[in-house]
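The values are calculated or read from the model by the stated rules, or taken from the named source; none is laboratory data. The model shown is predicted, which means the values in this text are computed figures rather than measured ones. Cβ placement follows ideal geometry from the backbone for every residue including glycine, while neighbour counts extend to all protein chains displayed.
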Amino acid sequence: MTGKFLSFEGIDGSGKSTQARLLTEALRAAGHIVCLTREPGGSPGAEEIRRMVLEGDPDKWSAETELLLFNAARRDHLEKTIRPALARGEIVITDRFADSSRMYQGLTRGDLRAKVDALHALMIGVEPDLTFLIDIDAAVGLSRAVGRAGKEQRFEDMGLALQQKARAGFLALAREYPLRFRVIDGARAPDVVANDVLAVALEHLSRR
Ligand code: ADP
Ligand code: TYD
């Protein structure tokens with residue numbers, strides 16, 4: 001794989017999608033070819049799985065089934081979108097990747113971290129070169145996320161206590177993988193956050 005693989009992580013409403021888009025625009029303006037993608041989803045098959053996972057009755061899947069569905073989606077995303085783009089030498093920017101499974105299926109929506117890691121090793125086996133954790137107060141993230149209407153509500157009624165656990169869980173992942181994680185303070189205006197993100201990304205890209 002010759003391109004660069006960047007991911008954004010954080011709790012719902014942290015500003016990940018906004019920052020992934022702003023970084024994509026800034027890098028394209030600087031002349032880079034960027035593949036902007038997301039999970040769950042990012043390929044036609046994975047987008048089908050996304051609808052199965054994120055819409056409908058909150059109790060329709062167990063944590064174990066969800067873990068398998070997220071991995072099925074990730075495998076398709078990797079085969080159809082991520083690996084081909086990296087092979088073309090592009091910068092891949094994904095809004096969520098395997099750290100979201102470590103966090104949600106591993107810690108808040110399930111207690112399956114050992115299974116998350118085993119499945120990842122077996123079926124995915126790839127980590128981003130660089131992961132931005134957009135860190136935000138749990139209550140702020142929740143109020144931003146609740147402000148968005150839509151059909152994808154299965155996961156968005158988690159409540160403040162779980163959002164706080166998720167924030168702490170992501171910060172713990174950043175300590176677990178210090179070489180690839182960068183924690184960014186998301187409690188500032190979007191363009192201020194974006195400037196920080198771009199500086200880190202450019203420094204990383206200049207290392208190639
Ligand atoms: P995520 O992808 O992490 O769920 P989004 O980027 O979709 O978050 O942002 C959630 C909501 O918060 C959106 O309405 C977005 O416009 C708003 N938002 C994003 N970043 C900021 C920020 N830095 N300050 C205030 N509001 C923001
Ligand atoms: P996303 O669309 O990123 O939601 P948001 O923009 O609100 O952050 O992700 C949808 C939900 O899917 C989110 O609550 C996190 C969850 N998720 C997992 O539980 N495991 C995973 O592996 C992934 C990729 C996402």
note = Of (1) surrounded by fewer than 22 Cβ atoms within 10 Å (Cβ to Cβ); (2) farther than 29 Å from Val140 by Cβ; (3) modelled with pLDDT of 95 or more, Lys60 satisfies every one except (3)
note = Checked against (1) under 29 Å from Glu25 (Cα atoms); (2) more than 12 Å from ligand 2 (Cβ to nearest atom); (3) more than 15 Å from the chain's Cα centre (by Cα), Arg51 satisfies every condition except (2)
ask   = Among the residues of the range 2-32, which ones are outside any helix (DSSP H, G or I) and more than 12 Å from ligand 1 (Cβ to nearest atom)?
value = Thr2, Gly3, Lys4, Phe5, Leu6, Ser7, Ala30, Gly31, His32
query = Which condition breaks for Gln105 when tested against (1) without any contact (Cβ under 8 Å) to a residue 60 or more places away in the chain; (2) farther than 18 Å from Ala172 by Cα?
reply = (2)
ask   = Of (1) of a type outside the set (Ser, Thr, Tyr); (2) closer than 21 Å to Asp196 by Cα; (3) surrounded by fewer than 16 Cβ atoms within 10 Å (Cβ to Cβ), Ile136 satisfies all except one. Which?
value = (3)
remark   = Among the residues of the range 15-38, the number that are in contact with a Lys or Arg (Cβ under 8 Å, 6 or more places away or on another chain) and within 12 Å of ligand 2 (Cβ to nearest atom) is 5
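Report yes if Thr65 is surrounded by fewer than 22 Cβ atoms within 10 Å (Cβ to Cβ), within 16 Å of ligand 1 (Cβ to nearest atom) and at pLDDT 95 or above, otherwise no.
Values: surrounded by fewer than 22 Cβ atoms within 10 Å (Cβ to Cβ): yes; within 16 Å of ligand 1 (Cβ to nearest atom): no; at pLDDT 95 or above: yes.
Considered against the rule, which asks whether it is surrounded by fewer than 22 Cβ atoms within 10 Å (Cβ to Cβ), within 16 Å of ligand 1 (Cβ to nearest atom) and at pLDDT 95 or above, Thr65 comes out as no.
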